[in-house]
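Undergrad: Let me begin by handing over the structure; questions about it come next.
The values are calculated or read from the model by the stated rules, or taken from the named source; none is laboratory data. Just so it is clear, the model here is predicted, and its values are computed rather than measured. As a convention, Cβ positions derive from the backbone with ideal geometry for all residues, glycine included, and neighbour counts pool all protein chains shown. We work out accessible area using only protein heavy atoms, side chains counted, and drop any ligands, DNA or RNA first. Shrake-Rupley method; radii C 1.70, N 1.55, O 1.52, S 1.80 Å.
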Amino acid sequence: MDEKIDEVIDKDSGQDDPPYDDDEKEMTKGRRLALFFSKFSWYNPHAEALDKYERASAGESDGESVNKPPKPPSLDLAWAQFEHVALGRYISNYNSVSKRRSYDNKHDARERAEPGETDYQTKLYPLRSSENDMADWGAGVGLYFQNLRVFATICFVAGLISLPNMLYYSSSDYSSSFDASQAHVGKYLMMQTSQACTNSEWRACPSCDIAEWKDLVPYPSDGFAVTKDESLMFLKQNDCDVRFREGLIMWITIIFVAVAVFWACYRQINMEIKYDEAEQSASDYSITVDNPPRDAYDPVEWKTFFESNFVSKDGDNVHATCVTVVLNNQILVDKLVRRKKLLLAMELNLMQGKTFDQYDLESAVVDSMPVARWKMLICRAKDGQLMKTEIDTITEEIKELQKEQYDVSQIFVTFEHEVSQRNVLEALIVAKSAIHLNKTDVHSENSGYLFRGKHLLSVYEPEYPSDIRWRDLNETFMKMFYQQACTYFITFIAIGVAAVIVYICAKLKHHLIQSYVITIMNFFVPLFITFLMNFEAHKTEGSFQASHYLKIGLFRWFNTVIVLTVITPFTHTLKEKDSLVSTVFGLYLSELTLIPLLNYLDIFGTLARHFYGPRAKNQRQMNLQFKGTKFHLADAYTGMSKLVFLCFWYANIFPAAYFLTALTLTVHYFSYKFAILRSYRAGPKIDTKLAFISRVFIFPVAVLFLFVQANYNWSSFPFDNVCETSTNVTEDYIGDHFIELRNFGEENDPKEDSIQVSISGNDKIFKFCHQDMYNREPKVFPAFPRHQKEGEEWMHDDQEWISIALSWSVIVVLVCVTYSLTIHRLHKGLKAYFKPVYDQPAKAIDQ
């Protein structure tokens with residue numbers, strides 16, 4: 001698709017007037033705004049030259065003898081190219097275009113136009129376009145918007161189920177220090193509907209040891225205090241409680257979420273089939289031969305082979321309409337691409353008004369603009385002469401490479417009917433083991449299926465034509481593995497650096513700043529990862545997007561979800577101030593504002609169209625500024641999965657996360673739709689690879705985390721490491737005391753002013769007990785109540801019953817997810833290795 005856009009840009013760059021007749025009402029708001037400002041020289045430096053050109057053209061049409069100046073670049077043409085080539089459009093007179101579809105498609109209301117379509121009347125897709133319309137960008141895009149809607153609905157319903165818990169947490173029954181009259185919309189209300197505990201008491205702890213607190217990582221800075229002479233020690237206890245009802249509602253909620261997510265994944269399989277039936281492409285009529293003989297260059301030989309040995313739906317032999325022979329000439333292709341890039345750079349470096357002729361590079365050198373020496377030293381920029389020298393060198397290398405004979409690496413065959421393609425696939429697909437061992441006897445009943453009578457062919461249905469990365473088709477497995485290993489290594493370094501930055505922000509104790517820093521890193525670090533992806537080779541765009549998805553996903557999941565849990569002290573989980581909950585709320589606030597704002601503003605694209613574009617020196621340079629921002633579906637998918645992980649990770653202590661996730665996903669639904677329809681250029685159609693990864697791996701793992709977190713957090717409540725004993729306090733504790741906190745991270749100086757504590761004779765002695773189920777020694781899984789040490793039990797009976805139910809639920813979900821991810825997938829893989837498997841649930845168009 002990108003190559004198609006470049007081709008149309010080249011064609012439009014030579015036009016004097018836009019080849020499109022657009023009504024102003026059908027234009028984007030950005031184009032209408034630009035056309036209004038284009039008459040002002042501060043916005044459009046070519047305004048005066050354009051005015052002179054138009055006056056000269058008017059005089060020439062009146063028969064006057066005028067010296068007509070060269071036509072300056074046209075903003076109108078550039079904007080027309082942006083709307084007709086970069087953005088997606090549909091054929092408005094769809095009913096009259098019978099050749100586009102040969103069947104009634106009830107799943108797709110509009111027919112996507114080709115970039116730069118001029119034969120038919122077209123319009124921009126409306127902002128209210130359905131998910132079926134969005135599938136015109138590829139089935140993966142349609143499924144992305146469907147997932148956004150489905151998960152927003154699931155989270156909203158889960159929030160409704162959790163409402164009783166939120167009401168309890170906001171009541172004085174849970175936290176006696178809460179005044180309901182102070183509640184208002186915003187952070188305060190969100191905090192009060194969470195398990196954040198605003199009621200705490202200092203308890204006598206004569207057996208406490210400072211070393212017990214110093215050994216906690218990360219250390220808590222306000223849970224331990226001593227008198228000034230350090231003779232008496234105290235612990236801070238969270239005086240909040242959860243009941244059986246709250247645990248039961250939480251358990252019902254996560255059961256509903258699990259069932260709904262697995263239902264959504266199952267439903268997605270059917271939607272993939274519907275999108276496949278609705279969107280016809282060349283891949284539906286084609287096959288790929290992955291192991292052709294190295295000397296099988298003749299396409300006629302391949303055409304004859306298929307037409308002579310396979311039959312179509314009517315019993316006649318199939319008709320192969322097109323055969324593409326792919327050669328292992330990667331070096332030659334790279335040289336050709338490099339030469340094309342140099343020619344483009346040389347053209348863009350011409351002085352204004354000069355024309356470029358690739359067959360007269362000497363004139364191009366003379367007409368080139370000088371390049372500043374600092375650009376040559378720092379940016380490694382080249383002037384016209386250096387570019388010509390490199391072009392000449394590469395041209396000679398290409399001539400030599402063209403003389404060599406290259407092996408055949410793949411064959412693409414396109415048939416006249418979709419049923420013909422399926423018949424061929426059904427006949428030729430064999431077990432993978434037979435391919436590896438070249439067991440030609442699998443076609444003993446029909447030796448015509450063997451190419452040249454002895455070659456067993458490995459065939460499959462190819463990806464979308466625009467999805468194939470032709471330059472990388474011949475890369476070896478080991479080279480691609482090495483490239484991905486390097487980029488993953490750098491990604492993990494980025495994760496570590498980001499974790500350090502988040503930790504530093506946490507030390508500042510300003511959670512809103514910390515949240516926005518996390519969100520900003522979630523936006524800009526993926527841009528760096530996208531740059532890294534340029535060093536990876538992938539045979540299909542789907543494979544590229546999958547690798548992109550996993551790297552960005554790893555960074556965002558760690559940066560947004562896991563790092564916060566790691567750096568937050570265990571006893572700070574339910575704090576009223578500086579708590580984990582307040583940081584999570586800040587993350588949702590930043591996701592609700594920053595990401596949609598960036599989507600709507602499209603900063604880089606807006607600068608290109610409204611600043612750099614009007615200042616371009618020629619029409620080609622101007623058009624290149626109007627290519628539109630490249631859309632990475634992997635970036636959008638990781639944004640969605642990050643929010644799902646964030647919700648599932650913290651929803652059990654912060655139930656309002658369900659509502660916030662539903663709201664955020666809804667906002668992302670409309671902001672990404674706007675960006676795709678009005679800002680991002682239409683790249684290659686994306687298949688269901690990312691949707692498949694999400695459905696099979698990401699979402700089931702997220703559900704597993706939901707249950708594990710619910711189990712461990714419920715079992716660890718009340719997150720204070722304080723256990724009550726049956727012994728009353730001694731006389732030296734009775735009375736009023738002034739105690740001081742200890743900050744073990746830096747110095748033993750008092751962290752803040754003294755706190756007055758009153759202890760009565762009826763108060764019990766408390767002791768330190770390790771409640772953090774994640775960090776117990778030895779490790780425990782799941783968090784059954786029996787893992788409490790004898791004499792250090794903190795769970796009451798209701799809490800233990802729910803903990804047991806959650807622990808067994810974790811085991812059940814773990815078994816289901818493990819079966820889905822490993823045993824089931826392994827079984828399918830082994831079956832395909834030893835038996836032929838051909839499964840095409842979508843109905844053929846000509847059946």
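Undergrad: If you go through the range 447-503, how many residues are out of contact with any Asp or Glu (no Cβ under 7 Å at 6 or more places or on another chain), closer than 30 Å to Leu564 by Cα and open to solvent by less than 70 Å² (accessible area, probe 1.4 Å)?
TA: Residues meeting the conditions: 12.
Undergrad: Filtering the range 717-739 down to residues that are outside any loop (DSSP other than H, G, I, E, B) and of a type in the set (D, E, K, R), which residue is farthest from Phe766 (Cα to Cα)?
TA: Going through the qualifying residues, I end up with Asp736.
Undergrad: Let me ask something else. Between Phe705, Phe626, which is in contact (Cβ under 8 Å) with a residue 60 or more places away in the chain and either closer than 28 Å to Asn132 by Cα or open to solvent by less than 10 Å² (accessible area, probe 1.4 Å) (or both)?
TA: Phe626
Undergrad: Kindly evaluate Glu800 against the criterion of being open to solvent by 20 Å² or more (accessible area, probe 1.4 Å), farther than 30 Å from Tyr275 by Cα, modelled with pLDDT under 80 and more than 35 Å from the chain's Cα centre (by Cα).
TA: no
Undergrad: State yes or no: is Leu594 part of a helix (DSSP H, G or I), among the aliphatic types (A, V, I, L, M), more than 18 Å from Met191 (Cα to Cα) and modelled with pLDDT of 85 or more?
TA: Against the criterion (part of a helix (DSSP H, G or I), among the aliphatic types (A, V, I, L, M), more than 18 Å from Met191 (Cα to Cα) and modelled with pLDDT of 85 or more), Leu594 does not qualify.
Undergrad: Still on this structure: Is there a residue being closer than 30 Å to His417 by Cβ and modelled with pLDDT of 90 or more anywhere in the range 327-335?
TA: Yes, the conditions are met somewhere in the range 327-335.
Undergrad: What's the number of the only condition in (1) assigned to a helix (DSSP H, G or I); (2) open to solvent by 40 Å² or more (accessible area, probe 1.4 Å); (3) under 30 Å from Thr355 (Cβ atoms) that Ala608 fails to meet?
TA: Checking Ala608 against (1) assigned to a helix (DSSP H, G or I); (2) open to solvent by 40 Å² or more (accessible area, probe 1.4 Å); (3) under 30 Å from Thr355 (Cβ atoms), the one that fails is (2).
Undergrad: Kindly indicate whether any position in the range 654-671 is open to solvent by 10 Å² or more (accessible area, probe 1.4 Å) and within 30 Å of Leu75 (Cβ to Cβ).
TA: Checking the range 654-671: at least one residue is open to solvent by 10 Å² or more (accessible area, probe 1.4 Å) and within 30 Å of Leu75 (Cβ to Cβ).
Undergrad: Would you check if there is a residue in the range 532-543 being in contact with a Ser or Thr (Cβ under 6 Å, 6 or more places away or on another chain) and not charged (D, E, K, R)?
TA: Yes, the conditions are met somewhere in the range 532-543.
Undergrad: Quick check on my filter: what residues within the range 533-549 are touching a residue at least 40 places away in the same chain (Cβ under 8 Å) and part of a helix (DSSP H, G or I)?
TA: Met533, Phe535, Glu541, Gly542, Ser543, Phe544, Gln545, Ala546, Ser547, His548, Tyr549
Undergrad: Here are some conditions: (1) exposed (fewer than 13 other Cβ atoms within 10 Å of the Cβ); (2) not in a loop (DSSP other than H, G, I, E, B). Glu790 meets all but one. Which one does it not meet?
TA: (2)
Undergrad: So, in the range 815-840, of the ones that are closer than 21 Å to Phe705 by Cα, open to solvent by less than 60 Å² (accessible area, probe 1.4 Å) and not polar (S, T, N, Q), which residue ends up farthest from the chain's Cα centre (by Cα)?
TA: Val817
Undergrad: Next question. Looking only at the range 797-810, count how many residues are free of Cβ contacts under 8 Å to residues at least 60 places away in the same chain and over 11 Å from Phe784 (Cα atoms).
TA: Count: 1.
Undergrad: Right, something else. Could you list all residues from the range 399-414 that are open to solvent by 40 Å² or more (accessible area, probe 1.4 Å), part of a loop (DSSP other than H, G, I, E, B) and either within 28 Å of Ala282 (Cβ to Cβ) or among the basic types (Lys, Arg) (or both)?
TA: Within the range 399-414, Lys403, Asp407 meet the criteria.
Undergrad: Which members of the range 549-585 meet the condition of being charged (D, E, K, R) and at pLDDT 80 or above? Write out each step before concluding.
TA: The initial filter retains those residues of the range 549-585 that are charged (D, E, K, R), namely 551, 556, 575-578.
Scanning the range 549-585 gives Lys551, Arg556.
Undergrad: What single numbered condition from (1) farther than 27 Å from Phe631 by Cβ; (2) at pLDDT 55 or above; (3) among the polar types (S, T, N, Q) fails to hold for Thr28?
TA: Failed condition: (1).
Undergrad: What tally of residues in the range 586-636 results from selecting those that are among the hydrophobic types (A, V, I, L, M, F, W, C) and more than 30 Å from Ala691 (Cβ to Cβ)? Please lay out each step first, then the result.
TA: Step one: of the range 586-636, the residues among the hydrophobic types (A, V, I, L, M, F, W, C) are 587, 589, 592, 594-595, 597-598, 601, 603-604, 607-608, 611, 616, 622, 624, 626, 631, 633-634, 636.
Cutting the leftovers down to more than 30 Å from Ala691 (Cβ to Cβ) gives us 607-608, 611, 616, 622, 624, 626.
Residues in the range 586-636 being among the hydrophobic types (A, V, I, L, M, F, W, C) and more than 30 Å from Ala691 (Cβ to Cβ): 7 in total.
Undergrad: Additional query: Among (1) hydrophobic (A, V, I, L, M, F, W, C); (2) touching a residue at least 40 places away in the same chain (Cβ under 8 Å); (3) farther than 30 Å from Phe310 by Cα, which single condition is Leu344 missing?
TA: (2)
Undergrad: Separate question: Given the range 275-386, what helices (runs of 4 or more DSSP H) lie entirely inside it while holding 3 or more residues that are of a type in the set (S, T, N, Q) and under 32 Å from the mean Cα position of the chain (by Cα)?
TA: Here the list is empty.
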